[in-house]
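Reviewing the structure listed below.
What follows draws every value from the coordinates through simple rules; no lab data is involved. Just so it is clear, the model here is predicted, and its values are computed rather than measured. No Cβ is skipped: glycine too gets one built from the backbone with ideal geometry, and neighbour counts run over all protein chains shown.
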Amino acid sequence: MTAYQATDAVSYEGSAYIAVTANEAEAPGTGSSWNLLAARGEQGPPGAGGSGGGGGLPEIYTVTAFSLGTLVQDDEYPMLEQIAFCDEGDILVSGGYWISRRYDDIVRANEPYVGLDGRQGWRATIDDRFQTGSWKVYARCFDLTP
């Protein structure tokens, strides 16, 4: 059995409890050592199914920019930039990049990005002095279309 201290809050069988005294022998909600914070609710009616195949839930998809990138001239060296954008109205979850030859010191930017049109995406910029080889940028996005 787990030892609990006074003011420990726990979730147990769908409800939430707080320990009013330290205890080891009582399961949450079964004795005087516990106060109910929130009771488990009843099962609600099923929701309307969506057309996305996820039972009406938003889906996550990945967008990949496969181009060679846009040349960006810096004061010191040429850089390549790639941006992978989510579809209009969708939300960026995460992103990143992949480079065929691993030079971590050539990555100058690896970050979320918002375009002039408001679309969210992921941007990576690399130092191209070393002729990097193939690389790509990807964005993982929530599909919010109904």
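Tabulated results
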read-out	value
Full-extension gain in nm, residue 93 to residue 108, via 0.36 nm per residue minus C-alpha separation	3.3 nm
Label-point separation in nm, residue 140 to residue 38, each point 7 Å along Cα→Cβ	2.6
Cα gyration tensor shape of the stretch 1-43, rounded if a/c is under 1.5, else prolate or oblate by comparing a/b with b/c	prolate
Inter-probe distance in nm under a simple model that places probes 7 Å from Cα toward Cβ, at residue 24 and residue 12	1.6
